[in-house]
Ligand SMILES: [Zn+2]
């Protein structure tokens, strides 16, 4: 007793400046394994159908989160609404046909159209130009002596043998150099001979994307079978294939009456981020963000649900429990000084869409957002950790970047309260898994907001239907969520925002 009094007396002059931060433990204790489990069996349950972005399952998960935020007494965090909507586009094939000299070829049997890069169009023409590999750059020009303007070009798949030789400079041979060359030479469409026809599991549904606006419109790309190529080139086709192997296919113009029709529908869908807001006290115009993605990858092609319990049901339900803990603190008169924004985002599995959209359309100024603590997968144990390694661990990522305040606070809170091994493996600059770039905190980091990312590593059930709630270690997950809580508590209540004293470097993203 005496000792304590003495310590307090000595600390008093400093205490005038450094505001005493209330004890967070009673509120942290409301984060329980039982409640995390209860939420997770719903969020990662069959009714949510794998929570694929812009589907019914995702909307059900959003509604569950929204209802819980409402029930807690948070305020709606998006200009008076609970959800920040953003557009998602979805292509689907309506019809496609290719007719050559009166012979009609069928989609998926003889050809397919690249849905995402092609636009609805139809035309009839009487000439097709064959241009070998279809390359036209500083290394090679397959368009030499050919006028491809307004014409259909036919190319064969493959790379010139010279580029396969040992020691040859490495270069990419994806579609983009071929499409660029076709565009530069004025072609209206590209037919590329491909293998694998007929395509049995082909779908009329294309992938989703968020930006419907393109800088460059390329000619339409059609993958075609040998039969289609033969219908155009006749006996020359076999010769051309041999010439490809030798690296010297001869460009040539063929007469062929060809009619191409392609018609796709672009459906505008919508997805959303769910945002709950807890107003701070004397620093309410500064913000602590707590984030996790509530979307997952939906069903497999065979219709089996990917439950996404760890990825990222675990983060989602942790956000729910963190919100409850802060609400209880505020009700007890210990509310945070800074406002806290609880944001569960969607579109993560498609490419960090929800957080990208938020960070490009922020509701709270990013320069007043002191930190984003992002949780993505904290309910399991990485089997790649060595035998003898503690299971009492969490990978802490990004705490060495953007702010030199992050690590001391994170380590102090862990040392005082949760006592876990903080594993910094994924902070290695050459991390082959590039974990730092792979979840939603990255969209805050790229805008300069300091972040910490909490992650348990991957496992055999990652992105599989077997990522189910029964495999979660709820006690460990509660402990990890508490570390996030204590860290957020300190960051919300300390006098200063986190300083931004380390520039973000993005090596070859
Ligand atoms: Zn994932």
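Remarks
- Within segment 249-272, if we keep just the residues that are out of contact with any helix residue (DSSP H, G or I) (no Cβ under 8 Å at 6 or more places or on another chain) and closer than 14 Å to residue 55 by Cβ, the residue that is farthest from the ligand (Cβ to nearest atom) turns out to be 267.
- Taking segment 280-372 and the helices (runs of 4 or more DSSP H) fully enclosed by it, the elements with 1 or more residues that are within 30 Å of residue 468 (Cα to Cα), under 14 Å from the mean Cα position of the chain (by Cα) and within 16 Å of the ligand (Cβ to nearest atom) are at 348-351, 353-360.
- Checked against (1) modelled with pLDDT under 95; (2) part of a loop (DSSP other than H, G, I, E, B); (3) under 30 Å from residue 294 (Cβ atoms), residue 91 passes all but a single condition, namely (2).
Conditions (1) in contact with a helix residue (DSSP H, G or I) (Cβ under 6 Å, 6 or more places away or on another chain); (2) closer than 19 Å to residue 356 by Cβ; (3) in the same structural domain as residue 277 (by TED's automatic domain parsing), marked per residue:
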site: 36; (1), (2), (3): yes, no, yes
site: 40; (1), (2), (3): yes, no, yes
site: 45; (1), (2), (3): no, no, yes
site: 53; (1), (2), (3): yes, yes, yes
site: 58; (1), (2), (3): no, yes, yes
site: 61; (1), (2), (3): yes, no, yes
site: 64; (1), (2), (3): no, no, yes
site: 80; (1), (2), (3): no, no, yes
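- Applying the set (1) more than 30 Å from residue 79 (Cα to Cα); (2) away from the ligand (no atom under 16 Å from the Cβ) to residue 395 leaves exactly one unmet item: (2).
- Segment 443-463, residues that are touching a strand residue (DSSP E or B) at 6+ places or on another chain (Cβ under 8 Å) and away from the ligand (no atom under 13 Å from the Cβ): 444, 445, 449, 450, 451, 452, 453, 454
- When residues of segment 130-145 are limited to those that are part of a strand (DSSP E or B) and crowded, with 21+ Cβ neighbours inside 10 Å, the one farthest from the chain's Cα centre (by Cα): 130
- In segment 302-315, the residues that are closer than 15 Å to residue 381 by Cα form Cβ pairs under 8 Å with partners that are within 11 Å of the ligand (Cβ to nearest atom) and assigned to a helix (DSSP H, G or I), at six or more places apart or across chains, as follows: 312/348.
- Of all residues making up segment 273-286, the number that are surrounded by 24 or more Cβ atoms within 10 Å (Cβ to Cβ) and touching a helix residue (DSSP H, G or I) at 6+ places or on another chain (Cβ under 6 Å): 4
- Extreme residue, modelled with the lowest pLDDT, among residues of segment 373-390 that are part of a loop (DSSP other than H, G, I, E, B) and within 16 Å of the ligand (Cβ to nearest atom): 382
The values are calculated or read from the model by the stated rules, or taken from the named source; none is laboratory data. Quick caveat, the model's predicted, so the values are computed rather than measured. With ideal geometry, Cβ positions are generated from the backbone for all residues, glycine too; neighbour counts draw on all protein chains shown.
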